[in-house]
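Here is the structure we will look at, set down as structure tokens.
The values are calculated or read from the model by the stated rules, or taken from the named source; none is laboratory data. Given the structure is predicted, the values throughout are model-derived calculations rather than measurements. Here the Cβ is made from the backbone with ideal geometry for all residues, glycine too, and neighbour counts use every protein chain on show.
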Amino acid sequence: MFLRYIVVYEVDKVLELRALTKHYPNHHALKGISFSLTQGEFFSLVGPSGCGKTTTLRLIGGFEEPTSGEITLAGRPVAGLPPYRREVSTVFQNYALFPHLTVAQNVAFGLERRNGVTRSTIRNRVEQALALVQLSGKEARKPNQISGGERQRVALARSLVVEPKVLLLDEPLSALDPKLRKQMRQELKSLQRRVGIAFLFITHDQEEALSLSDRIAVMNQGSIEQIGKPRELYQEPTSRFVAEFLGEVNWVNGAGIRPEAIRVSKENPANGARSVAGVVESSTFLGNVTHLAARLPNGANCTAQLPLNGCTFELGEPVHLWWDASDELRVSA
Amino acid sequence: MKHLRAAFLAPGVAVMAILFFAPLLIVLAYSLLTRGAYGGVVPPWTGESYARVFDPLYGEILYRSVWIAGVSTALCLALGFPLALYIARAARHKGLLLNLVMLPFWTSFLIRTYAWMFLLRDTGLINSMLLSLHVIREPLPLLFNTGAVILGLVYGYLPFMVLPLYATLEKLDPYLLDAAADLGAAPFVTVWRVVVPLAKPGMVAGCLLVFIPCLGAYLTPDLMGGGKTVMAGNLVQNQFTTARDWPFGAAVSLVLMVLVLVVTRALMRRTEELL
Ligand SMILES: Nc1ncnc2c1ncn2[C@@H]1O[C@H](COP(=O)(O)OP(=O)(O)OP(=O)(O)O)[C@@H](O)[C@H]1O
Ligand SMILES: [Mg+2]
């Protein structure tokens, strides 16, 4: 249904940030960040707490003005435009549903007072949007009469129904319990594919970012460390920070190796692979895999992720840990 | 547990019984007796005073009281809402601003009303200034009329509107305002569609806190109305003093009370529906 509203921009970049900075009196929240989203892209912004993710979204939404730098939306600079004039829409972390309005009225809010939008159009589009997020039948409920997952969907429908050029999502899944979170993750992805609107998705959960995104930008202390496809970032991080943020890494003699790239055996494999000797310190059974931790001669710990039947080692047993040189992460810093 | 609860309740109940219900019963009794020749009340029991309350002459005074109190309340709301919203959304100095709102309470209402009279009377500050600047030739009739009474009431009761409004607006989730703007609502639309509906409990509380004392106001209409604009409060006072008709004065007070109860109930019910 939304497909018919998609506009193909002459400019391929539906949203572009150029050297954006934001200084608060005692804090440089953003120190010059640049990235762009293409039409229909699922772009994630990840990073630890306080790194400036929300600040970035608030600048794009128009709730705050940047100290310097430029934001363009579909090729047009948005500097000075108030939030209600910007064609982006935000799904807030706590959803910010209007408590005095019903589900249907919440979704209709952004469609009212628009030129040329009749009552029946509003009704139809609200109906379609609610169907899209599988909330048909709950139109008359108030936000406090629906579940957390349903509230999240109302927030999505409310923002999508106004057909933003970009949908901004500030940790939309973080208020949900882990199981629902995984389910909503899938729904979010398929929803994004169907509506074809570019999503700028904030999270500090690396699994969420890796599984959902077309591209990811990793932020650290107000700067972007690296931008790339999930696989690129995971396998070819350019910095130690990115390598560690997106997954576990063992640092052995300056090289980074992911636990799942490490094999463990009693004898030295002598097959040309890199290897290091260690003593089994713990093994944790996790169902589908087992985590084995070994202590290396230099005192460091090294973890390996072994398949279900691959772990037959005793605690205290001397073992060899080995990996392909090609699996090593080559980071500069 | 039960004893403890009784122990906690007893003082309050006793105070209410002695200081509120007992006098109320006395007023009720007075209203049903006959007037004495030199004030006071004498038998026999009669409902005649109540019949007179609805006499057109007095009915008009009651009607005027409701009207003046209503207009004053509406003005307080119109002035108080933006003020309360501003203070609630202010980034800094909230405490200072609230204290400024309450500052007038530091001096007696009587003195502040006299101050207004000095400002407004024919030889007052405003008129003498306008006269000396030759803006006007005759003093403007600023005092001793209905407008002056409403001004005095609005001035006196505005803080009672601002404080409950502030309390509700202060609790308003600021993200709701962001969300409304995000969905394309200009600031005025956001206030009208989001802030006002969510501030209704505070608006109702503020309106009650202003309307009730305004309806029974005595000092302001007496001083600033100059005897011309008589409200129900002045009527009651009159009956107990110059007119020496205690039963009638008591009857008017009780009718006024019932009026207030009716308005309160209606407003309360509306709020419950909204919540
Ligand atoms: N109004 C402000 N005044 C001063 N500093 C601020 C202000 N808003 C944010 N900051 C600071 O800017 C930094 C970035 O904040 P931001 O909210 O963007 O972080 P975030 O990446 O969204 O973190 P989280 O994952 O915890 O939500 C923080 O250190 C924060 O303290
Ligand atoms: Mg944040």
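Details
- Of all the residues in the range A:269-300, those that are farther than 18 Å from A:Glu328 by Cβ and among the polar types (S, T, N, Q) number 5.
- Looking across B:Ala7, B:Ala51, B:Ala14, one residue alone is free of Cβ contacts under 8 Å to residues at least 40 places away in the same chain and within 23 Å of B:Trp246 (Cα to Cα). It is B:Ala51.
- Positions within the range A:91-108 being among the small types (Gly, Ala, Ser) and more than 9 Å from chain B (Cβ to nearest Cβ), in sequence order: A:Ala104, A:Ala108
- The residues of the range B:130-184 that are part of a helix (DSSP H, G or I), among the aromatic types (Phe, Trp, Tyr) and away from chain A (no Cβ under 14 Å), listed by number, are B:Tyr155, B:Tyr157, B:Phe160, B:Tyr166.
- Residue within the range A:11-22 that is touching a Leu at 6+ places or on another chain (Cβ under 9 Å), at pLDDT 90 or above and closer than 28 Å to A:Gln128 by Cβ present: yes
- Some residue of the range B:230-243 being in a helix (DSSP H, G or I), within 14 Å of another protein chain (Cβ to nearest Cβ) and crowded, with 22+ Cβ neighbours inside 10 Å: no
- Matching residues, the range A:161-171, being among the aliphatic types (A, V, I, L, M), closer than 21 Å to A:Gly75 by Cα and away from ligand 1 (no atom under 16 Å from the Cβ): A:Val162, A:Val166, A:Leu167
- Residue count, the range A:18-54 (criterion: free of Cβ contacts under 8 Å to residues at least 60 places away in the same chain, within 14 Å of chain B (Cβ to nearest Cβ) and within 16 Å of ligand 2 (Cβ to nearest atom)): 1
- Answer residue from the range A:72-90, given it is touching an Asp or Glu at 6+ places or on another chain (Cβ under 7 Å) and of a type in the set (A, V, I, L, M) and is farthest from the other protein chains (Cβ to nearest Cβ) among those: A:Ala79
- Restricting the range A:63-95 to residues that are under 16 Å from B:Asp178 (Cβ atoms) and under 21 Å from the mean Cα position of the chain (by Cα) leaves a set whose member that is nearest to ligand 2 (Cβ to nearest atom) is A:Gln93.
- Within the set A:Leu111, A:Leu156, the sole residue that is more than 16 Å from ligand 2 (Cβ to nearest atom), crowded, with 21+ Cβ neighbours inside 10 Å, within 14 Å of another protein chain (Cβ to nearest Cβ) and within 23 Å of the chain's Cα centre (by Cα) turns out to be A:Leu156.
- For A:Leu296, the requirement of being crowded, with 16+ Cβ neighbours inside 10 Å, at pLDDT 90 or above and not hydroxyl-bearing (Ser, Thr, Tyr) is not met.
- Test: residue in the range A:166-180 that is of a type in the set (D, E, K, R) and either assigned to a strand (DSSP E or B) or within 14 Å of another protein chain (Cβ to nearest Cβ) (or both): yes
- Leading residue by the ranking (nearest to the chain's Cα centre (by Cα)) among those in the range A:172-181 that are within 13 Å of ligand 1 (Cβ to nearest atom) and over 21 Å from A:Arg193 (Cβ atoms): A:Ser174
- Within the range A:81-101, restricting attention to residues that are within 16 Å of ligand 1 (Cβ to nearest atom) and aromatic (Phe, Trp, Tyr), the residue that is surrounded by the most Cβ atoms within 10 Å (Cβ to Cβ) is A:Phe92.
- Residues of the range A:280-333 satisfying the condition of being assigned to a loop (DSSP other than H, G, I, E, B) and among the acidic types (Asp, Glu): A:Glu314, A:Glu317, A:Asp324, A:Glu328
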